[in-house]
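The values are calculated or read from the model by the stated rules, or taken from the named source; none is laboratory data. Keep in mind it's a predicted model, so treat the numbers as computed, not measured. In this analysis, Cβ positions are derived from the backbone assuming ideal geometry, glycine residues included, and neighbour counts consider all displayed protein chains. These accessible areas exclude ligands, DNA and RNA; they are computed on the full protein's heavy atoms, side chains included. Shrake-Rupley method; radii C 1.70, N 1.55, O 1.52, S 1.80 Å.
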Amino acid sequence: MIAFTAAEIAEITSGRLDADPGITPLSVVTDSREATPGSLYVAKPGEHADGHDFIGAAFASGAVLALVEHPVAAPDGASYPSVVVNDAVLAMGALAAEAVRRIRAARADAGDKLTVVGITGSAGKTTTKDLLAGILATQGNTVAPRGSYNGEVGVPLTVFRAGTDTRYLVIEMGATGIGHIRYLSDMVKPDIGVVLAVGTAHAGEFGGVENIALAKGEMVEGLSAAGTAIINLDDERVAAMRSRTQAAVLGFSAEGRQDAQVQALKADTNAEGSPEFDLQLPDGAAPRHVASRLIGAHHTGNLLAAAAAAWAAGVPGDQIADSLSNQAAASRWRMERTERPDGVTVINDAYNANPESMRAALRTLADLGRGRRTWAVLGAMLELGEDSIREHTAVGTQVVRLNISRLLVVGREARALYVSAVQEGSWGDECIFAETVDEAFQILDVELQPGDLVLFKSSNSVGLRHLGDRIALPPTPTPAGERSTLP
């Protein structure tokens with residue numbers, strides 16, 4: 001972490017100093033449970049709790065300074081050492097921007113540089129971030145988000161883990177409205193900006209897909225003329241962003257677009273459902289073979305995006321291909337495959353869901369399930385607005401047309417998916433509706449058989465990722481004739 005004194009923090013955030021000006025925090029946390037000796041605790045108001053209520057716990061764990069929106073009294077009646085600001089989250093952003101500026105300056109003084117890569121898109125951000133970070137880590141010290149830290153809090157927390165020894169800083173950027181990605185881009189000023197796709201996730205919040213395209217394009221608009229925009233030419237809304245940037249454009253395509261400089265040739269999936277292709281880079285060399293360890297043909301685009309960004313960052317083509325072939329999924333609940341001892345295969349892809357990722361996961365289930373009994377355990381895709389019923393109906397129809405053996409729909413918000421599957425011709429024990437996750441667990445615990453392949457997919461807050469974890473555990477042996485149970 002870049003060291004800031006309390007006095008510097010107050011100056012950068014336009015805050016009021018209520019502490020020893022020489023206090024210098026060693027880390028930044030927004031959760032009091034993560035505070036360690038030397039932490040700066042950011043007391044941000046939350047949706048369900050106010051961080052100011054936990055300042056005492058943070059200091060008890062070793063915090064030395066708090067960033068607050070109002071003073072908080074300690075048990076002795078004095079205020080905790082603090083910098084008082086109008087908005088704690090915006091103050092975090094100001095500190096992060098200054099941290100990036102100082103890292104760039106320090107590396108330039110040493111004759112080196114910091115390369116910042118920003119990644120956005122309606123799907124695939126975290127996978128692409130993980131792949132790119134894996135490639136870049138072979139070249140130098142790399143900092144990337146933990147999990148899906150991609151918002152106005154997560155991006156600064158990622159930046160605060162970087163220091164003057166950081167060569168590459170990979171930033172995932174999410175948004176729920178126009179202007180969000182511009183704010184994050186202004187904060188970290190990417191040298192390379194990646195736009196993966198414009199889908200229907202959060203369409204309800206944005207007010208339509210075209211507004212999503214406007215928001216995602218803020219990534220490339222924020223690049224300088226010396227930067228590089230990595231553009232998915234297979235998505236027409238992303239391809240149209242070429243006119244919105246002054247940066248050099250490096251296009252990628254998994255579908256054979258001839259104007260793409262980065263392509264997947266002879267793309268296919270192997271028996272394990274993993275993408276394989278020949279990677280064409282703009283170096284004029286012969287294509288390098290990539291045999292990925294990820295699951296699902298839809299990851300080909302993510303692999304290409306990571307390859308293009310790594311190429312723009314100066315990584316040699318052979319090393320890009322080798323790294324992509326050796327990396328497995330690094331973040332949980334993204335096509336996470338578990339083989340139970342009894343022969344049941346669980347694919348847990350329930351970190352999040354939108355219509356595009358749902359369709360891709362179901363196609364992968366159908367491809368992998370040839371000769372096996374397949375289960376699609378599906379929950380709601382949230383934040384789709386007025387398109388929700390239509391999109392859930394389309395998924396139910398797709399399940400039937402893909403000849404998936406069993407459909408288990410979980411939760412009232414996804415009922416349209418169940419109804420559409422029934423109307424398409426799936427009924428009886430082929431299609432089941434469960435009101436709750438616990439009810440779904442009981443059904444699966446009774447009915448799963450050795451050799452079954454079961455996919456879990458839903459939006460994050462539905463909780464099917466945790467159901468998938470429970471089902472992935474080995475069944476508890478029970479006496480003959482009794483139902484097994486899992487913890």
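Does anyone have the angle between helix 317-326 and the longest principal axis of the chain? Alpha-carbon axes, 0 to 90°, nearest 10?
60
Could you work out how much longer the chain between Asp31 and Ser243 gets when fully extended? Use 0.36 nm per residue separation minus the Cα distance between them, nm to one decimal. Each step should come with its number before you reach the end.
Numbers: separation 212, 0.36 × 212 = 76.32 nm, distance 4.14 nm.
That pair, Asp31 and Ser243, stretches by 72.2 nm at full extension.
For region 6-86, what does the accessible surface come to per residue with a 1.4 Å probe? Please give it in Å².
49
When only DSSP loop residues count, what trypsin sites (Lys or Arg not before Pro) in region 330-435 have their Cβ near at most 10 other Cβ atoms within 10 Å? Walk me through the numbers before you get to the answer.
Values: sites: Arg332, Arg334, Arg337, Arg359, Arg363, Arg370, Arg372, Arg373, Arg390, Arg401, Arg406, Arg412, Arg415; in loops: Arg332, Arg334, Arg370, Arg372, Arg373.
Here the sparse-neighbourhood loop sites are Arg370.
For the Cα atoms of the chain, what angle does the longest principal axis make with the long axis of helix 415-424, in degrees from 0 to 90, nearest 10?
So the helix axis and the longest Cα principal axis differ by about 30 degrees.
Taking 35 Å as R0, compute the FRET efficiency from the Cβ-Cβ separation of Glu430 and Ala285 and round it to 0.05.
On the way: r = 50 Å, r/R0 = 1.44.
E(calc), rounded to 0.05, equals 0.10.
How do 344-355, 138-149, 115-126 rank on mean C-beta neighbours within 10 Å, highest first? Before the final figure, lay out each step's value.
Values: 344-355: 23.8, 138-149: 17.8, 115-126: 26.8.
So the order, starting with the most tightly packed, is 115-126, 344-355, 138-149.
Assuming R0 = 35 Å, what is the FRET efficiency of Asp112 and Asp20, from their Cβ-Cβ distance, to the nearest 0.05?
On the way: r = 34 Å, r/R0 = 0.97.
After rounding, the FRET efficiency stands at 0.55.
Report the extension gain between Arg332 and Asp438 in nm, rounded to one decimal, defined as 0.36 nm multiplied by the number of residues separating them, less their alpha carbon distance.
On the way: separation 106, 0.36 × 106 = 38.16 nm, distance 2.15 nm.
That works out to 36.0 nm of additional length.
Per-residue ellipticity at 222 nm for the chain, helices alone: DSSP H runs ≥ 4 residues times -39500 (n - 2.57), over residue total, nearest 500 deg cm²/dmol?
Numbers: 17 runs with 165 residues, N = 487.
One gets -10000 deg cm²/dmol as the mean residue ellipticity at 222 nm.
In nanometres, what is the gap between the two model label sites at Asn460 and Ala394, each 7 Å from Cα along Cα-to-Cβ?
2.4
Are any of the pairs Lys113/Lys189; Lys216/Lys266; Lys44/Lys125; Lys44/Lys216 more than 24 Å apart by Cα-Cα distance, and if so, which? Each step should come with its number before you reach the end.
Numbers: Lys113/Lys189 14 Å; Lys216/Lys266 30 Å; Lys44/Lys125 26 Å; Lys44/Lys216 26 Å.
From Lys113/Lys189; Lys216/Lys266; Lys44/Lys125; Lys44/Lys216, over 24 Å: Lys216/Lys266; Lys44/Lys125; Lys44/Lys216.
Give a quick list of chymotrypsin sites (Phe, Trp or Tyr not before Pro) in region 359-432 that DSSP marks as loop, anything other than H, G, I, E or B, with at most 13 other Cβ atoms within 10 Å. Could the numbers behind the result be given before it?
Values: sites: Trp375, Tyr418, Trp427; in loops: Trp427.
Answer in residue order: Trp427.
Roughly how tilted is helix 299-312, in degrees to the nearest 10 and between 0 and 90, from the longest Cα axis of the chain?
30
For an R0 of 56 angstrom, estimate the FRET efficiency from the Cβ-Cβ distance between Glu272 and Asp76 and round to the nearest 0.05. Mind showing how you got there, number by number?
Working: r = 62 Å, r/R0 = 1.10.
Working from the Cβ atoms, E equals 0.35.
Under the Karplus relation 6.51 cos²θ - 1.76 cosθ + 1.60, θ = phi - 60°, what is the ordered set of whole-Hz ³J(HN,Hα) values for region 446-454, x standing for Gly and Pro?
3J(HN,Hα) across region 446-454, in whole Hz: 7, 9, 5, 10, x, x, 5, 10, 10.
Mind putting a number on the dipole of region 336-472 about its Cα centre? Charges go on the C-beta only, +1 for Lys and Arg and -1 for Asp and Glu, and I need it in Debye to the nearest 20.
Working: 15 positive and 21 negative charges, 79 e Å.
Its charge dipole is roughly 380 debye.
Per the 1.4 Å probe, what fraction of the accessible area of region 90-326, in percent, lies on carbon and sulfur atoms? Each step should come with its number before you reach the end.
Details: 4000 of 8410 Å².
Heavy-atom surface of region 90-326 belonging to carbon and sulfur, 1.4 Å probe: 48 percent.
Give me the percent of the accessible area of region 6-86 that comes from carbon and sulfur atoms, probe 1.4 Å, all protein chains in place. All intermediate terms of the calculation are to be shown ahead of the outcome.
On the way: 2010 of 3990 Å².
Result for region 6-86: 51 percent of the exposed heavy-atom area is carbon or sulfur.
What residues qualify as long-range amide H neighbours of Val28, i.e. H under 5 Å apart, gap of 5 or more or another chain, H built at 1.01 Å from N?
So Val28 has HN proximity to Leu40.
Contact order normalised by length for region 231-305, with contacts defined as Cα pairs under 8 Å and 6 or more residues apart; what percent is it?
Numbers: 140 pairs, mean separation 18.5, N = 75.
It rounds to 25 percent for region 231-305.
Between Thr176 and Glu386, what is the label-to-label distance in nm when each label sits 7 Å out along the Cα-to-Cβ direction?
Each label point lies 7 Å from its Cα, and together they span 2.1 nm.
Report the gain in length on full extension from Glu210 to Ala7: 0.36 nm times residue separation, minus Cα-Cα distance, nm rounded to one decimal. Walk me through the intermediate numbers first.
Values: separation 203, 0.36 × 203 = 73.08 nm, distance 4.42 nm.
Roughly 68.7 nm would be gained on extension.
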